[in-house]
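Enquirer: One structure, as C-alpha cells, below. Some questions next.
The values are calculated or read from the model by the stated rules, or taken from the named source; none is laboratory data. All figures in this text were calculated on a predicted structure; none of them were measured in a lab. Heads up, the Cβs are rebuilt from the backbone with ideal geometry, glycines too, and the neighbour counts pull from every protein chain shown.
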Amino acid sequence: MGTGYTTYISMPYPNLLQPLDLGFTSIKNRVLMGSMHTGLEDKAADFPRLAAYFAERAKGGVGLMVTGGFAPNVAGWLAPFSSMLRFGYQVKRHRLVTRAVHDHDSKICLQILHAGRYGYHPLIVSASKTRSPIAPFTARALSTRGVHAQIKAYVRTAKLAQQAGYDGVEVMGSEGYFINQFLVQRTNQRTDEFGGSYANRMRLPVEIVRQIRAACGDNFIIIYRLSMLDLVPQGSSWDEVIELGQAIKQAGATLINTGIGWHEARIPTILTPVPRAAFTEVTARFRAQVDIPVVAVNRINTPEVAEEVLASGQADMVSMARPLLADAEFVNKAAANQARRINTCIACNQACLDHTFSNKTASCLVNPRACHETLLTITPTRSPQQIAVVGAGPAGLAAACTAAERGHKVVLFEAAGEIGGQFNLAKRIPGKEEFHETIRYFQQRLQDTGVELRLNTAAGMPALQPFDTVILAAGVKPRPLRLPGIDHPMVVDYMHCINGSEPIGRRVAIIGAGGIGFDTAEFLLHDHSAGTSPSQDTELFFKIWGVDLDARAGIENVKPTPAPAMREIHLLQRKTSKPGKGLGKTSGWVHRLTLRKAGVKFVTGVSYDRIDDDGLHISIDDQPQTLVVDNVVICAGQLSVDDLLQPLQQSGKTVHVIGGAKIAAEIDAKRAIKEGTEVAVIL
Ligand code: NAP
Ligand code: SF4
C-alpha cells in the first residue's frame, strides 16, 4: 500500500476493511467520509486547496467520500455566494477534486444541499412561509411550479457532478434542510401535491431521487441522507421514516445515510458530551426494516467503535467526517494495526463547525493542517538544530513533535511528572474524556519522532545553554485576585479544584464564568465516584436529555430527567452579558443548558466585596448580599508563564514564545497546537 505503516499482523478490523459491493461498482472499505463544509467550496480559487484536502484523505485509505454541500441554485444557497453547482462553466474546477481522489483509488460523491429556510439570505424558499429559530429571514412559500423547478435544479446539479467525474451524489435530506421542511407538518402547511398526506409530503425527495436516477443512469451512486430521528417537536414518526426509506430505495437510491437531529434541535448529537456511537441503534432499526445498504453516523471516532458498529450488524458502512479531518491517515493506520498512532477527533467542534458557522475556513483543533494542506507543510530540514522546548502542554507537544519529525534534535522539558499541561485538567471534566486520546497520541508521537522527554525537570538557564533554539511553551497559571479575604482557606483556584488536591464542600461560588468557570461547574456537579459520566453511557445521556428511540422524532412526550447535582453552585461574572458568551458557536448552548438543567445559578453584573467565614460577599446594582458557601473557586483567567524569556533573550539565544506563554488571554488548545506546529515548520 506504500503508506509507511507496515506492521501487518492480521487484518485487525475485518468488517471495517471489507469491500462493499454495490453491484455496478465496489467501495474498497466501509469508511465513508461524511460531508463537511470546509469553506473551500465557495470560491473557484480555493479548489486546488480543496483537491489537496481530499487527496490526502484518499491517499489515507478512505473508501468513499462526500463533498461539502453544494446548492443546486441561488434559492438553495446556505449564504450569499456560497458553494453552488448550477452552470456548465463550474464543472472544470470540480475535475481537480475528482481526479485527485481517483488518482488514489478512492471514490467521491458531490453533496447536493438545498438550505431551504436555513439559508442566511433573503432569497430563501421553503414548503411554507416559515422562519426557522436559527436563521434571520422568513422563507417564501414555493408555488407548485416552483417546487418542480427545485427538483429540476437538483437533477441538473447531479448531471453536472457526473460530467465533473464524481462517482455519484448525496442528496441531503436531513438536519432540517429544504427536504426535511417538506416532510413534516410543522414546516409544511401546503395543500397541493406536495402537502397534506405523508405520501404528498415525501413526494419531493422521492421525485428528486427518481429523476436523478433517470437522468444519470444506473452506474451512478445516489446516497440519500435520511433524517431518521428529527429530535424536534412534530418531527417524523418512525413509520414515516420507514415509508420514506422504502420509497427512496424504490426511486433508485444506492445507499441510505443516517441523519440525526435538525440543526434547530436542542439536544446535542455530535459534540463531545455525546457518547460514542450513541445513535447507531437508530440505523440498526432502520436496517432491519429497509433492504438497502445503510450508513451509521455521529460520534464514531475510532476504528474499534467503527468495527463494533459493523460487526454487530448495525450498519453496512460508517460515516466519519471530523475524525478524518483530525487524521487523514486514519484508515491506513487502522489497516496497519496502528490505531494508537491515530490523532483522534475529540468532538470539540472548535476549529471545524465553529469555523464553518463563522464563515471561516474549517480546520481541526488537533490537526491544524486540515484544510491547510498546501499551506502548512512539514518537510525535512536541511540544517538540523539542537532545539529545546520548554513545557509539554499542547503548544510544546505540537512544536516538539513537528520539529523532531523534520529532523531536528529536540529535548522537551516538563516540570510536571506527565505530559499534557492543561489537557490533564480538561480530561477530568465529564464530557471531555476524549482529551485522554490526544495525550495518548502525543505520547506515541514523541516516541516515534525521537523527542527526548525530560519529565519533572523545570528547565533553567544552565540546562538551556547548549541549545541553538529555545521554544518557550511554559503555558499559563491562574490569575490571582486582589480581594479582601482572598487568603481565606475556603478559596481555591481552578487547578487545585479540578486536579482534586483540595476538598470542595457542597455549596460553591465560582468567580469567573468563562470556559474554565463552566468546566469547573460541570466538574463539581458530578459524582466522580460513580465511575462513568453521561458522555460514556448512552442510556444515561438519553435520560438526561429526554431522548427515547420509541417516541415520535425521539422526543415527543419524553421528559428529560436531569442527573442529581452533587453541589449547589453559583457561577458569577462582572459583565452583564450572557454567561459563556465566548464559548463555541455550536457548543456554548449545550454547556449553558447542561448547567441550567443541573440547577447552577448564573449571576451576572457582580462586584466582589470580600470573603470571610460567612461566605462570599458581593453587590449587584449596589445591593450587597452574601452567598453562604463552603468554597470559592477562582476561575478568573490566566497569566503567562514567561519568566525565562528575559534571561534567554539576554543570553543571545533564538527564542520563540508560543501558546499561553506568549498571550494568556483567550488561550485555548486550538491556538496552542496551531502555534506549536507553525513555529516548528519554519525552523
Ligand atoms: P476567560 O474565558 O477569559 O474567562 C475569565 C473569566 O474570569 C471571565 O468570566 C471574567 O469575567 C472573569 N474575570 C477576569 N478577570 C477577573 C478579575 N480580575 N476578577 C474577577 N473576575 C475576573 O478565561 P478562562 O475561563 O480561564 O478560559 C481560558 C481560555 O480557555 C478561553 O479562551 C476559553 O474560551 C478557553 N476554554 C474554553 C472552553 C470551552 O469552550 N468549553 C473550556 C475551557 C477553556 P468578568 O470579567 O465579567 O468577571
Ligand atoms: Fe474533531 Fe475538534 Fe478537530 Fe473538529 S476541531 S475535527 S471536532 S478535533
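Enquirer: Could you list, in sequence order, all residues of the range 437-470 that are hydroxyl-bearing (S, T, Y) and assigned to a strand (DSSP E or B)?
Expert: Within the range 437-470, T469 is the sole residue that qualifies.
Enquirer: Further question on the same structure: Exactly one of these conditions fails for Y608: (1) of a type outside the set (A, V, I, L, M); (2) part of a helix (DSSP H, G or I); (3) modelled with pLDDT of 95 or more. Give me its number.
Expert: Result: Y608 fails condition (2) only.
Enquirer: So if I check each of G252, G235, G261, which one is touching a strand residue (DSSP E or B) at 6+ places or on another chain (Cβ under 9 Å), more than 26 Å from S312 (Cβ to Cβ) and either basic (K, R) or buried (at least 23 other Cβ atoms within 10 Å of the Cβ) (or both)?
Expert: Within the list G252, G235, G261, the selection yields G235.
Enquirer: Just checking, how many residues over the range 210-238 are in contact with a Gly (Cβ under 6 Å, 6 or more places away or on another chain), over 24 Å from G252 (Cβ atoms) and of a type in the set (V, I, T)?
Expert: Within the range 210-238, residues that are in contact with a Gly (Cβ under 6 Å, 6 or more places away or on another chain), over 24 Å from G252 (Cβ atoms) and of a type in the set (V, I, T) number 0.
Enquirer: Let me ask something else. For residues that are of a type in the set (V, I, T) and either in contact with a Phe, Trp or Tyr (Cβ under 8 Å, 6 or more places away or on another chain) or within 13 Å of ligand 1 (Cβ to nearest atom) (or both), tally how many sit in the range 548-580.
Expert: Summing the residues that are of a type in the set (V, I, T) and either in contact with a Phe, Trp or Tyr (Cβ under 8 Å, 6 or more places away or on another chain) or within 13 Å of ligand 1 (Cβ to nearest atom) (or both) in the range 548-580 gives 1.
Enquirer: While we're on this one: Considering only the range 290-303, state which residues are part of a loop (DSSP other than H, G, I, E, B), over 20 Å from the mean Cα position of the chain (by Cα) and either buried (at least 24 other Cβ atoms within 10 Å of the Cβ) or free of Cβ contacts under 8 Å to residues at least 60 places away in the same chain (or both).
Expert: The answer is V290, D291, I292.
Enquirer: Out of all the residues in the range 645-670, which are crowded, with 22+ Cβ neighbours inside 10 Å and in a loop (DSSP other than H, G, I, E, B)?
Expert: Passing the criteria: I658, I667.
Enquirer: Between a residue in the range 141-156 that is closer than 23 Å to G168 by Cβ and any residue that is buried (at least 22 other Cβ atoms within 10 Å of the Cβ) and of a type in the set (F, W, Y), which pairs come within a Cβ distance under 8 Å, given they are 6 or more apart or on different chains?
Expert: Taking only residues 6 or more apart or on different chains, the pairs are Q150/F178.
Enquirer: Among the residues in the range 79-98, are any in contact with a Pro (Cβ under 7 Å, 6 or more places away or on another chain) and touching a residue at least 40 places away in the same chain (Cβ under 8 Å)?
Expert: yes
Enquirer: Could you give me the residue pairs with C-beta distances under 7 Å whose first residue belongs to the range 107-129 and is under 20 Å from M36 (Cβ atoms), whose second residue is assigned to a strand (DSSP E or B) and at pLDDT below 95 wherever it lies, and which are 6+ apart or on separate chains?
Expert: Here the result reads none, with nothing in the range 107-129 linked to a residue that is assigned to a strand (DSSP E or B) and at pLDDT below 95.
Enquirer: Oh, and also: When R225 is evaluated against the numbered criteria (1) out of contact with any strand residue (DSSP E or B) (no Cβ under 9 Å at 6 or more places or on another chain); (2) among the basic types (K, R); (3) surrounded by 21 or more Cβ atoms within 10 Å (Cβ to Cβ), which criterion, by number, is the only one it fails?
Expert: Answer for R225: the failing condition is (1).
Enquirer: Give the residues of the range 352-378 that are over 15 Å from E56 (Cβ atoms) and among the polar types (S, T, N, Q), sorted by residue number.
Expert: Result: T356, S358, N359, T361.
Enquirer: Which of the residues belonging to the range 620-679 are outside the structural domain of L472 (by TED's automatic domain parsing), free of Cβ contacts under 8 Å to residues at least 12 places away in the same chain and on the phi > 0 side of the Ramachandran plot?
Expert: Listed by number, the list holds a single entry, D622.
Enquirer: Can you go through T604, T594, T586, T576 and tell me which one is of a type in the set (S, T, Y) and within 16 Å of ligand 2 (Cβ to nearest atom)?
Expert: Exactly one of T604, T594, T586, T576 is of a type in the set (S, T, Y) and within 16 Å of ligand 2 (Cβ to nearest atom), namely T586.
Enquirer: Going by the structure shown, is A392 assigned by TED's automatic domain parsing to the domain that holds A664, more than 16 Å from ligand 1 (Cβ to nearest atom) and assigned to a loop (DSSP other than H, G, I, E, B)?
Expert: Taking the combined requirement at face value, the residue satisfies it.
Enquirer: Taking the options A334, A306, A404, name whichever one is at pLDDT 95 or above, within 30 Å of Q465 (Cα to Cα) and outside any loop (DSSP other than H, G, I, E, B).
Expert: Going through A334, A306, A404 in turn, just one is at pLDDT 95 or above, within 30 Å of Q465 (Cα to Cα) and outside any loop (DSSP other than H, G, I, E, B): A404.
Enquirer: While we're here: In the range 463-513, how many residues are within 11 Å of ligand 1 (Cβ to nearest atom) and either out of contact with any strand residue (DSSP E or B) (no Cβ under 9 Å at 6 or more places or on another chain) or of a type in the set (V, I, T) (or both)?
Expert: 6
Enquirer: Still on this structure, please answer the following. Please find, within the range 104-158, the residue that is surrounded by the fewest Cβ atoms within 10 Å (Cβ to Cβ) out of those that are in a helix (DSSP H, G or I) and charged (D, E, K, R).
Expert: My answer is R145.
Enquirer: Checking S358 against (1) at pLDDT 95 or above; (2) assigned to a loop (DSSP other than H, G, I, E, B); (3) within 16 Å of ligand 1 (Cβ to nearest atom), which single condition isn't satisfied?
Expert: Answer for S358: the failing condition is (1).
Enquirer: Moving on to the next point. May I ask you to list pairs of residues, at least six apart or on different chains, whose Cβ atoms are under 8 Å apart, with the first in the range 53-75 being at positive phi and the second being modelled with pLDDT under 95?
Expert: Every condition considered, the pairs that remain are G61/M1; G61/T3.
Enquirer: Would you be able to tell me the number of residues in the range 471-512 that are within 22 Å of G580 (Cα to Cα), in contact with a Cys (Cβ under 8 Å, 6 or more places away or on another chain) and not in a strand (DSSP E or B)?
Expert: So the count comes out to 2.
Enquirer: With respect to the numbered conditions (1) of a type in the set (D, E); (2) outside any strand (DSSP E or B); (3) over 24 Å from the mean Cα position of the chain (by Cα), which one is the sole condition not fulfilled by E675?
Expert: For E675, the failing item is (3).
Enquirer: For V318, state whether it is in a strand (DSSP E or B), closer than 21 Å to M11 by Cβ and over 14 Å from the mean Cα position of the chain (by Cα).
Expert: Judged against the criteria, V318 is a match.
Enquirer: I'm trying to understand the selection: among the residues of the range 349-380, which are in contact with a Cys (Cβ under 6 Å, 6 or more places away or on another chain) and among the hydroxyl-bearing types (S, T, Y)?
Expert: T361, S363
Enquirer: Quick check on this structure: which one of C364, C348 is within 16 Å of ligand 2 (Cβ to nearest atom) and outside the structural domain of I221 (by TED's automatic domain parsing)?
Expert: C364
Enquirer: Right, another one. Taking the condition of being surrounded by fewer than 23 Cβ atoms within 10 Å (Cβ to Cβ) and of a type in the set (A, V, I, L, M, F, W, C), how many residues in the range 499-522 meet it?
Expert: Matching residues across the range 499-522 total 1.
Enquirer: Which one is nearest to F541 (Cα to Cα), of the residues in the range 581-600 that are near ligand 1 (Cβ under 8 Å from one of its atoms) and either of a type in the set (F, W, Y) or surrounded by 20 or more Cβ atoms within 10 Å (Cβ to Cβ) (or both)?
Expert: H591
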